[in-house]
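Let me begin by presenting the structure, written as structure tokens, before commenting on it.
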Amino acid sequence: MGTALIYDEEMTKYKLLWVDPACKIEVPERLTVSHEALVATGLADRCVSIPVREATEADILLVHSEEYLEGVKKTPYMTLEDLQEFTLQYGDVYFHPNIYHCAKLAIGASLQLVDAVMTGKVRNGMALVRPPGHHSMRSAASGFCVFNNVAIAAQYAKRQYGVKRVLIVDWDIHHGQGVQYCFEDDPSVLYFSWHRYEHQKFWPQLRESDFDSVGKEKGAGFNINVPWNKVKMQNSDYLSIFFHVLLPVAYEFSPDLVLVCAGFDSAIGDPEGEMCATPDIFAHLTHLLMNLAGGKVCAVLEGGYNLTSLPQSVCQTVQTLLGDPAPRPANLESPCKSALESLQCVRSAHRQYWSCLKHAADLPTSDISTKRIKLEEEGEKTGEGEEDKGTDEKVWAQPPKRVAPSIRTAVVLPDGVACPDQCERFSSPGDPDPLVVSKLRENYLKDGDDGNALTTLYSLTALADKMDRNEICSGLVLVRDVSMAMMCVVQHAATALSNRVLVVCVGDGKVRSDCSEDGKTLVVQFSSKESDDQRSKYYIPVCLQKGCSDVPGLLHSISGLLLPLGYEYDPGLVLLVQMPDSGICDSVWQQLIGLLQGLARGHTLVLMREDERTRVGPTASSLLGNAAPSLGQLHAPLPEDVKAVESLRHRLKSDWKLLQTTAPETG
Ligand SMILES: CC(O)(O)NCCCCNCCCN
Ligand SMILES: [Zn+2]
């Protein structure tokens, strides 16, 4: 299934008609440069183009009051003075004779996107709209927003399609207070937002934008605010929040639909955000959401005011929705102290609501809420100046080209096992290299192994070479002896491949842990047995009480351990090994494959025992980029497993910075 792109140039036909420093950044060019970039890169042509429609009054009344709608309805007929007068009642927003029309198209675009995804016409999609929506409230415009596009889309999805649970991810750099107010007592809509806050000094300067606003009454726990109390946040800060807050909670919540308030003022160069995250980070943020809700992800444009990083970020997002592998998350640094403080505060505020956060640490000693109070006392609570901050011009590298290899998934299967459609059978090219063969024979073949064990091994190494050269994206090989084949690839990688290899072992079994201390391989093994292997930075055994059959435990350690490790390690190849009798169920196996494909430009090589024939189909489906089936609502991971992950993180965080979930003790 494809990716929808919804855009209409009519939404460029309104602008600021008077002087207002607060609003001058919201210009029609935001939409034109974004759409033009999608066209110029060829991405628009790969999408399913779906027309906008005008929202009906009923659509608007799903969120807004009649009196507010009546007021906005009059704006097309207002004089300039009346428009300015009408605008004065709201904050940081402007009206225009055509903005009501465009606001109805922005809602209509969002609802068309929801229709296309919910009816299965497409898998996911993006709506390029203006005016944005997430600040607008039931009876008020705010922050360039007139109607709340995404809030209306959520209500519409619930009413029209009986959607039970909607996850709204708001990665815009401003707090979507309008969305928060709309759903704060509603447990069927989980609203997640990060936003520049600076201890309430940054617009909209609301006390309720802080981490302790967790929702109300039945909605308690279903509103997650992550305040950024400093600027210059980087990719690692953003990813840490996804790994240690959003993903664990999102999997526990198990949404039927994911809506994204896709604002790109959180990207480098933006005058509002003043952050340092690069446009390619949105490839990863998008990718990490794409295995939720069976892949039903609707991204709706919110903010984004740098006319260079905005289109780059939009393209990164759409290219990922289309299924292209994400660029490698190169050289991630440690999250900064302020980000870790916020991370710790959010996890602590929500630990009573989400079992995956049960063992989160207390509020940091340097409790940042006291900072807010101190600032209030000192009257430092001033809106950031409306005057043009001399934003020192930021420069950043063009996002790397993301060329998808001609072959997406190659397979090496025993005779009699059908090749899954859209996959290609792989057989080693040309005559086997005698040197490699003799090495394989002497190292890996037991006597009695027949010829085709050797052929399989040879194909395996040849396939790894092709992936290393980006000629094939992913691979699936069924082998007789999984451990031996794993050693063969690791050995081959150590000598022949240019890149680091992340080895993910699912299930019990001896993994020669002396594979390397040189950092060429990182082995993470999920099993039910405490491993007696000496602990090292590059061999990380994760012991789960009930082994890999325990969905919540495995998911929790994937999002809270494996992904941070994998992103920080940034391998060129991921070797995913399913040990015999691992007990892992297909749906978790598919989630694991889907999530790991955010690494190594999607170069995931899967090894399974040759009798796992029933798993060939689901494995191939995930390697092809199809969304994994939803796991359904997860019950709590076992406390022992949550504690085991916490203690592993605590032990390893000096080596692996993305495992940190608390601010370093001040002292
Ligand atoms: C959709 C959105 O979240 O990007 N709207 C941002 C509104 C910002 C209002 N303050 C502007 C001050 C200018 N220096
Ligand atoms: Zn914004």
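The values are calculated or read from the model by the stated rules, or taken from the named source; none is laboratory data. Here the structure is a predicted model, which is why all the values come from computation and not from measurement. Please note: Cβ atoms are built from the backbone with ideal geometry, for glycine as well, and neighbour counts cover all protein chains shown. What goes into the accessible areas is simple: the full protein's heavy atoms, side chains included, and nothing from ligands, DNA or RNA. Shrake-Rupley method; radii C 1.70, N 1.55, O 1.52, S 1.80 Å.
What share of Cα pairs, in percent, lie more than 24 angstrom apart in segment 407-658?
43
Using only the alpha-carbon atoms, how far is helix 337-350 inclined from the longest principal axis of the chain? Give it as 0 to 90 degrees, nearest 10.
Compared with the principal axis, the helix lies near 90 degrees.
Could you give the semi-axes, largest first, of the ellipsoid that matches segment 1-124, computed as the square roots of 5 times the alpha carbon gyration tensor eigenvalues and rounded to whole Å?
30, 20, 10
What does DSSP give for segment 407-658 in terms of the percent of beta bridges that are antiparallel, rounded to the nearest 5?
Beta bridges within segment 407-658, antiparallel portion: roughly 5 percent.
With bins 10 Å wide starting at 0, give me the P(r) of the chain over every alpha carbon pair, in whole percents.
All Cα pairs considered, the percentages come to 3, 16, 26, 25, 16, 8, 4, 1, 0, 0.
Pop out the Kirkwood hydrodynamic radius of segment 496-643 from its pairwise C-alpha distances, inverse of mean 1/r, in Å to one decimal.
15.5
How high is the relative contact order of segment 432-498, given as a whole-number percent (alpha carbon pairs under 8 Å, six or more residues apart)?
Reported as a whole number, the value is 34 percent.
Over all directions, what mean area does the Cα convex hull of segment 390-448 project, stated in square nanometres? Present the calculation step by step, with values, prior to reporting the outcome.
Numbers: hull surface 38.4 nm².
Mean orientational projected area (segment 390-448, Cα hull): 9.6 nm².
Can you list residues whose amide H is under 5 Å from Val163's amide H, if they're 5+ apart or on another chain and H is modeled 1.01 Å from N?
Excluding prolines and chain starts, which carry no amide H, the hits are Lys158.
Would you mind telling me the share, in percent, of accessible area of segment 407-658 contributed by carbon and sulfur at probe 1.4 angstrom?
On the way: 4660 of 9440 Å².
Here carbon and sulfur together make up 49 percent of the probe-accessible area.
Evaluate the relative contact order of the chain (contact order divided by residue number), counting alpha-carbon pairs under 8 angstrom at least 6 apart; express in whole percent.
13
Do any of Lys121/Lys401; Lys337/Lys643; Lys394/Lys657; Lys537/Lys657; Lys510/Lys657 go past 21 Å between their Cα atoms, and which?
Values: Lys121/Lys401 29 Å; Lys337/Lys643 24 Å; Lys394/Lys657 26 Å; Lys537/Lys657 12 Å; Lys510/Lys657 28 Å.
Result: Lys121/Lys401; Lys337/Lys643; Lys394/Lys657; Lys510/Lys657 exceed 21 Å.
For helix 482-496, what angle does its Cα long axis make with the longest principal axis of the chain, in degrees from 0 to 90 and rounded to 10?
The answer is roughly 80 degrees.
What ranking of Ser309, Ser483 comes out by heavy-atom accessible area, probe 1.4 Å, highest first?
Ser483, Ser309
Could you pull out every residue, at least 5 positions away or on a different chain, whose amide H is within less than 5 Å of the one on Gly2? Hs are placed 1.01 Å off N in the peptide plane, and Pro or chain starts have none.
Here Arg123 satisfy the definition.
From largest to smallest, what semi-axes in whole angstrom does segment 199-354 give when each is the square root of 5 times an eigenvalue of its alpha carbon gyration tensor? Before the final figure, lay out each step's value.
Working: eigenvalues 111, 82, 45 Å².
Ellipsoid semi-axes (Å, largest first): 24, 20, 15.
What GluC sites (Glu not before Pro) does segment 179-230 have in DSSP loop regions with at most 12 other beta carbons within 10 Å?
On the way: sites: Glu184, Glu198, Glu208, Glu217; in loops: Glu184, Glu198.
Answer by residue number: there is no such site.
Per residue, how many Å² of accessible area does segment 407-658 show with a 1.4 Å probe?
On the way: 9440 Å² over 252 residues.
Result: 37 Å² per residue.
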